[in-house]
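The values are calculated or read from the model by the stated rules, or taken from the named source; none is laboratory data. Being a predicted model, the structure only gives us computed values, none of them experimental. Cβ coordinates were reconstructed from backbone atoms using ideal geometry, including for glycine residues, and neighbour counts include every protein chain displayed.
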Amino acid sequence: MAIAEDKKLEMVCVVAMARNRVIGDGTGLIWHLPGDLKRVKALTMGSPLIMGRRTWDSIGRALPGRLSIVLTRNAHWSAPEAVAVSNMEAAISAGADWLQAQGQGEHRIILFGGGEIYAAGLDYCNVIEATIIDAEPESGVCFPAFDENAWQDTRLESLASGEGHPAFHYHQLVRKIPPADLISNS
Ligand SMILES: NC(=O)c1ccc[n+]([C@@H]2O[C@H](COP(=O)([O-])OP(=O)(O)OC[C@H]3O[C@@H](n4cnc5c(N)ncnc54)[C@H](OP(=O)(O)O)[C@@H]3O)[C@@H](O)[C@H]2O)c1
């Protein structure tokens, strides 16, 4: 596969996590943050999404305008609107091929979660678009521990708490040293 030279293929992680890195209860999200789903839509539209089979189950459908690439070790798993793959390299390859076929100039593959998939793909990510929630749930699925010194962290916006949700903050973390090559011979 050949990606346009001027726009290098890039993987971007999109996540909402508590201060202690909890991202969900195992079957779904813990908070419904006003505006956050809209933000996720804007960040991901036109890109392939790499997600784990459990995250796919929690969403239950493909998100319009994006390709759902679902990692599973079950060779028999399929869903009509998803591309099933058995490892991260195959997921990246499927994403790159789809972007090229779209021909829209989009060059970002989104690492969409959940916890196992963030752990498998974070080394490839150049950017983390994070929603950080002012909470510390006692249990749940976590974003992997990562070296905060390796990332330039910029707080973009803070939003106040409201009915049923704590305050939360949008952060953009950019890797200080380039990530692992997405496609070794591109
Ligand atoms: N807050 C957020 O931003 C956010 C985003 C996404 C998800 N979430 C939450 O995260 C939770 C789910 O996360 P999770 O860690 O339990 O599950 P997950 O990462 O969504 O999916 C795990 C599944 O992916 C497959 N898998 C994992 N690693 C693989 C690999 N290296 N190769 C092939 N297949 C692989 C396996 O599927 P099989 O079992 O089929 O083999 C595994 O059971 C939910 O609560 C969800 O709501 C939160």
Just checking, does the range 59-74 include any residue being part of a loop (DSSP other than H, G, I, E, B), within 9 Å of the ligand (Cβ to nearest atom) and of a type in the set (Gly, Ala, Ser)?
no
Can you list the strands (runs of 3 or more DSSP E) found entirely within the range 78-186 that contain at least 3 residues being more than 13 Å from the ligand (Cβ to nearest atom)?
125-133, 151-159, 168-175
Does the range 129-136 contain any residue that is at pLDDT 95 or above and closer than 15 Å to Leu49 by Cβ?
yes
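Residue-wise test of (1) touching a residue at least 60 places away in the same chain (Cβ under 8 Å); (2) aromatic (Phe, Trp, Tyr); (3) farther than 19 Å from Leu33 by Cα; (4) buried (at least 18 other Cβ atoms within 10 Å of the Cβ).
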{"residue": "Gly105", "(1), (2), (3), (4)": "yes, no, yes, no"}
{"residue": "Arg108", "(1), (2), (3), (4)": "yes, no, yes, yes"}
{"residue": "Tyr124", "(1), (2), (3), (4)": "yes, yes, yes, yes"}
{"residue": "Ile128", "(1), (2), (3), (4)": "yes, no, no, yes"}
{"residue": "Ala145", "(1), (2), (3), (4)": "yes, no, yes, no"}
{"residue": "Ala150", "(1), (2), (3), (4)": "no, no, yes, no"}
{"residue": "Thr154", "(1), (2), (3), (4)": "no, no, yes, no"}
{"residue": "His169", "(1), (2), (3), (4)": "no, no, no, no"}
Boolean, Gly103 is of a type outside the set (A, V, I, L, M, F, W, C) and touching a Gly at 6+ places or on another chain (Cβ under 9 Å):
no
Scan the range 15-29 and give yes if some residue there is within 10 Å of the ligand (Cβ to nearest atom), free of Cβ contacts under 8 Å to residues at least 60 places away in the same chain, farther than 26 Å from Arg155 by Cα and not small (Gly, Ala, Ser), otherwise no.
yes
